[in-house]
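Written out below as structure tokens is the structure these notes cover.
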Amino acid sequence: ILVLLLNAVFDLAPLLVRILGRDMTLTGRLPIWQMVLEQDTNALVGEGFYSFWLGDRNAELSAKYFYELGTAHNSYIETYLNSGWLRLRLLFIVMLFAMNRIQKQVVGGDMFARFRLACFVAVIPYGFTESCFNRLSPIWFLLLITIIDGVSMRVRGKNKQATVESNTSEGAFVRQF
């Protein structure tokens with residue numbers, strides 16, 4: 001609360017960003033985001049999987065830079081450009097359900113769910129600064145494992161409970177491999 005109050009009074013964010021050697025445009029990302037969002041794309045379904053940067057578009061958009069862009073430097077914008085609102089909304093829905101499931105597991109006392117929560121909370125803002133989703137990147141795989149593990153943990157828990165119930169009711173010893 002003290003940091004927020006000091007920032008509100010003294011506007012410390014720009015000072016901190018300058019001390020870190022950056023600027024308030026997220027080191028040039030805001031102009032890139034504006035430039036790619038101004039492109040004529042299909043808002044509903046995008047340009048197709050990995051298709052936005054194909055052809056002459058990459059060269060045209062990269063002309064202002066000393067390197068080829070090849071990415072929007074934002075996972076959410078990149079998802080929109082390649083796959084439109086449909087896939088972007090699907091991504092948000094999956095993340096919302098995953099967050100809900102992880103939160104329930106944390107409240108239930110699952111220790112590994114705490115780790116998954118930390119990973120999930122770290123990946124979400126990282127997606128605003130780099131195009132890591134929908135690519136073969138470690139961050140994308142971390143997000144997928146974080147989301148998917150909630151389902152597998154639930155299935156394993158049900159199977160384990162069913163085995164215990166069958167062992168106690170039948171009196172037989174069942175060995176799981």
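Per the listing Arg101, Arg29, Arg57, Arg87, the residue uniquely closer than 20 Å to Ser137 by Cβ and at pLDDT 90 or above is Arg87. Look at segment 118-139: where a residue is open to solvent by 70 Å² or more (accessible area, probe 1.4 Å) and a partner is among the β-branched types (Val, Ile, Thr), sitting 6+ places away or on another chain with Cβ atoms under 8 Å, you get Tyr126/Ile139. Are any of the residues in segment 42-64 in contact (Cβ under 8 Å) with a residue 24 or more places away in the chain, in a helix (DSSP H, G or I) and open to solvent by 60 Å² or more (accessible area, probe 1.4 Å)? No, every residue in segment 42-64 fails to be in contact (Cβ under 8 Å) with a residue 24 or more places away in the chain, in a helix (DSSP H, G or I) and open to solvent by 60 Å² or more (accessible area, probe 1.4 Å). When you check Ala8 against the structure, is it over 21 Å from Ile139 (Cβ atoms), of a type outside the set (Phe, Trp, Tyr) and either open to solvent by 30 Å² or more (accessible area, probe 1.4 Å) or in contact (Cβ under 8 Å) with a residue 12 or more places away in the chain (or both), yes or no? Yes; evaluated as a whole, the condition is true for this residue.
One line per residue, one yes/no per condition, for (1) within 16 Å of the chain's Cα centre (by Cα); (2) over 21 Å from Ile148 (Cα atoms):
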| position | (1), (2) |
| --- | --- |
| Phe49 | no, yes |
| Tyr65 | no, yes |
| Ser83 | yes, yes |
| Phe112 | no, no |
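Filtering segment 80-99 to residues that are free of Cβ contacts under 8 Å to residues at least 40 places away in the same chain and open to solvent by 70 Å² or more (accessible area, probe 1.4 Å) leaves Arg89, Leu90, Phe92, Ile93, Leu96, Phe97. If Thr27 satisfies every condition in (1) touching a residue at least 60 places away in the same chain (Cβ under 8 Å); (2) open to solvent by 60 Å² or more (accessible area, probe 1.4 Å); (3) polar (S, T, N, Q) but one, which is the exception? Going through the list (1) touching a residue at least 60 places away in the same chain (Cβ under 8 Å); (2) open to solvent by 60 Å² or more (accessible area, probe 1.4 Å); (3) polar (S, T, N, Q), Thr27 breaks only (1).
The values are calculated or read from the model by the stated rules, or taken from the named source; none is laboratory data. In this text the structure is predicted, and so the values were computed from the model without any measurement. Cβ: placed from backbone, ideal geometry, glycine included. Neighbour counts: every protein chain shown. Ligands, DNA and RNA are stripped out before the accessible areas are found, and what is left, the full protein with its side chains, is counted by its heavy atoms. Shrake-Rupley method; radii C 1.70, N 1.55, O 1.52, S 1.80 Å.
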